[in-house]
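*Asks:* I have a structure I would like to understand better, so I am pasting it below and will then ask my questions one at a time.
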Amino acid sequence: MNAVRRLSIVHTESSCGWGWQEIRVLEESAGLAARGHSVQLLCAPEARIREEARKRGISVTQLPISRKSLRGLFALTGWLKRHRPDVINTHSSTDSWLASLAVRASGQAVPIVRTRHISAPLSTSAFTRWLYAHAASRVVTTGEALRAEVIAATGASPRRVESVPTGVDLSRFLPGDRVAARAGLDLPAAAFLVGIVATLRSWKGHAYLVEALAQLADPDIRLVIVGDGPGWGPLHEQIARLGIAESVVFAGNQADPVPWFQSLDLFTLPSYANEGVPQAVQQAMACGLPVVTTPVGAITEIVADGKTGLFVAPRDAKALSATIARLKPDRALRERLGHAAREHALAHFSRETMLDRMEAVFADAASPAGAA
């Protein structure tokens with residue numbers, strides 16, 4: 001653990017959803033706990049992250065913090081009066097507000113690190129500026145573009161805002177035997193598999209990918225959709241309306257997405273909003289896949305157009321269709337992009353690098369100088 005002292009770190013998460021944000025919270029928690037830090041998660045009793053944390057051996061306390069309410073504020077304030085962590089790391093808007101107010105109500109001078117995972121527009125109101133520029137000791141974003149947005153919108157001091165992209169376990173996410181992966185997942189051996197691994201939310205662009213598949217009208221192509229979420233119903237309706245149900249595989253949520261990545265010929269993430277540095281793109285690159293995505297959020301910080309992947313315009317099914325059609329017959333181009341993507345991942349996406357940097361952020365926030 002180098003020279004960093006053992007810290008008591010508390011993560012708060014008000015989200016009841018399940019996606020890459022929640023997974024990062026758990027990966028970071030497990031990684032720092034393995035380094036000897038005391039790590040605990042505070043979340044709502046109905047949140048899926050609660051059970052997932054327990055599966056990973058992470059200490060969890062359930063509090064009614066899924067909504068901004070006096071009940072949640074009193075519960076968090078009471079918890080803080082009984083405990084004195086070195087640092088609190090908040091992750092969503094609701095728990096960030098509750099934690100900021102609870103710290104003051106409890107009389108505990110606990111520094112707050114606010115992690116902002118997505119690139120949704122930030123309010124420039126006085127309340128939001130207070131939350132980021134004053135209530136939080138440090139702000140962490142998942143990309144440099146998000147860091148710039150936070151500084152511009154909230155007036156937070158640049159020295160207190162740091163970009164720490166999510167790390168990838170490069171010993172797990174790596175190229176594999178495509179034939180064996182398909183056989184193990186009961187996927188068609190001879191098809192050209194285009195895949196997306198993402199929560200089914202509108203801004204991830206699934207609808208444009210489905211439309212692109214319909215435009216291709218290529219019986220050799222299958223679309224593999226890994227993930228679940230609120231977009232499940234609309235996507236099924238769209239696929240039925242377009243008459244392409246036989247060309248789409250819905251895999252649902254997968255505890256281990258690695259074999260799904262390894263089974264693909266091509267990975268896509270046509271997001272049009274709210275992206276930081278998408279973990280699924282990082283993981284696909286680590287698996288040596290050619291990637292087709294959009295220049296949204298901080299994606300441009302990890303994908304170099306024409307070198308480690310290809311960009312298409314957001315919400316443009318025609319461009320997406322044309323790019324897939326270009327890549328399908330060009331195996332040499334796919335292999336060149338996939339190899340470059342893997343090399344970039346090895347050089348820049350280490351999970352240990354993420355843990356090193358977050359450990360340093362927490363230690364700095366918890367130090368006597370960190371409050372200055």
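The values are calculated or read from the model by the stated rules, or taken from the named source; none is laboratory data. Values in this document were obtained by computation on a predicted structure and should not be read as measured data. Glycine gets a Cβ as well: all are built from the backbone with ideal geometry, and neighbour counts include every protein chain shown.
*Asks:* Select from region 255-305 the residues that are within 16 Å of the chain's Cα centre (by Cα) and among the charged types (D, E, K, R) and write down the one among them that is nearest to ALA191 (Cα to Cα).
*Replies:* Step by step, filter region 255-305, then rank; the result is ASP256.
*Asks:* Let me ask you something else. Of everything in region 22-49, what is among the small types (Gly, Ala, Ser), part of a loop (DSSP other than H, G, I, E, B) and closer than 13 Å to HIS11 by Cα? Give them in sequence order.
*Replies:* If the condition is that a residue be among the small types (Gly, Ala, Ser), part of a loop (DSSP other than H, G, I, E, B) and closer than 13 Å to HIS11 by Cα, then ALA44 is the only one that fits.
*Asks:* Based on what the data block shows, is SER350 more than 16 Å from the chain's Cα centre (by Cα) and hydroxyl-bearing (Ser, Thr, Tyr)?
*Replies:* So SER350 fails the test.
*Asks:* How about region 75-101: which of its residues are in a loop (DSSP other than H, G, I, E, B) and over 16 Å from THR61 (Cβ atoms)?
*Replies:* ASP86, SER92
*Asks:* Which condition number in (1) closer than 26 Å to MET354 by Cβ; (2) in a loop (DSSP other than H, G, I, E, B); (3) among the basic types (Lys, Arg) is the one that ARG67 fails?
*Replies:* It is condition (1) that ARG67 fails.
*Asks:* Exactly one condition in (1) crowded, with 21+ Cβ neighbours inside 10 Å; (2) more than 30 Å from ALA148 (Cβ to Cβ) is not met by LEU73; state its number.
*Replies:* (1)
*Asks:* Follow-up. Look at ARG56 and say whether it is modelled with pLDDT under 95 and out of contact with any His (no Cβ under 7 Å at 6 or more places or on another chain).
*Replies:* Here the answer is yes, as ARG56 does meet what is asked.
*Asks:* Looking at region 107-133 only, could you name the residues that are in a helix (DSSP H, G or I) and without any contact (Cβ under 8 Å) to a residue 12 or more places away in the chain?
*Replies:* ALA126, PHE127, TRP130
*Asks:* Quickly run through region 171-203 and pick out the residues that are of a type in the set (A, V, I, L, M, F, W, C) and under 24 Å from ARG116 (Cα atoms).
*Replies:* ILE196, VAL197, ALA198, LEU200, TRP203
*Asks:* Which residues, taken from region 3-37, are touching a residue at least 40 places away in the same chain (Cβ under 8 Å) and farther than 29 Å from VAL281 by Cβ?
*Replies:* Selection gives VAL4, ARG5, LEU7, SER8, VAL10.
*Asks:* To continue, here is another question. Does ILE225 meet the test of being among the β-branched types (Val, Ile, Thr) and over 25 Å from the mean Cα position of the chain (by Cα)?
*Replies:* No: the conditions fail for ILE225.
*Asks:* Shifting gears a bit: Pull up region 27-57, narrow it to residues that are among the aliphatic types (A, V, I, L, M) and surrounded by fewer than 20 Cβ atoms within 10 Å (Cβ to Cβ), then point me to the one that is nearest to GLY227 (Cα to Cα).
*Replies:* Ranking the candidates gives ALA30 first.
*Asks:* Further question: Which pairs turn up if I take residues in region 320-349 that are over 14 Å from PRO175 (Cβ atoms) and look for partners that are of a type in the set (Val, Ile, Thr) and at pLDDT below 95 with beta carbon separation below 6 Å, at least 6 apart in sequence or on another chain?
*Replies:* So the pair list comes out as PHE349/VAL168.
*Asks:* Would you confirm whether any residue within region 332-352 is crowded, with 19+ Cβ neighbours inside 10 Å and either in contact with a Lys or Arg (Cβ under 7 Å, 6 or more places away or on another chain) or within 25 Å of VAL150 (Cα to Cα) (or both)?
*Replies:* Within region 332-352 (the criterion being crowded, with 19+ Cβ neighbours inside 10 Å and either in contact with a Lys or Arg (Cβ under 7 Å, 6 or more places away or on another chain) or within 25 Å of VAL150 (Cα to Cα) (or both)), the answer is yes, since at least one residue qualifies.
*Asks:* While we're looking at this one, here's another question. So which residues in region 304-331 are among the aliphatic types (A, V, I, L, M) and either outside the structural domain of ALA273 (by TED's automatic domain parsing) or closer than 14 Å to LEU266 by Cβ (or both), if there are any at all?
*Replies:* LEU310, VAL312, LEU320, ALA322, ILE324, ALA325, LEU327
*Asks:* How many residues does region 190-217 contain that are under 11 Å from SER247 (Cα atoms) and of a type in the set (S, T, N, Q)?
*Replies:* So the count comes out to 0.
*Asks:* I would also like to ask the following. Considering (1) closer than 30 Å to VAL87 by Cβ; (2) over 16 Å from the mean Cα position of the chain (by Cα); (3) surrounded by 18 or more Cβ atoms within 10 Å (Cβ to Cβ), say which one ALA369 fails and leave the rest.
*Replies:* (3)
*Asks:* Can you tell which of ARG104, ARG54 is part of a helix (DSSP H, G or I), more than 23 Å from SER367 (Cα to Cα) and of a type outside the set (Gly, Ala, Ser)?
*Replies:* ARG54
*Asks:* Same structure, new question: From (1) more than 20 Å from the chain's Cα centre (by Cα); (2) surrounded by fewer than 20 Cβ atoms within 10 Å (Cβ to Cβ); (3) not in a strand (DSSP E or B), pick out the condition that doesn't hold for THR61.
*Replies:* Here THR61 clears every test but (3).
*Asks:* For the condition in contact with a Phe, Trp or Tyr (Cβ under 9 Å, 6 or more places away or on another chain) and at pLDDT below 95, what is the one hit in PRO278, PRO257, PRO295, PRO314?
*Replies:* PRO278
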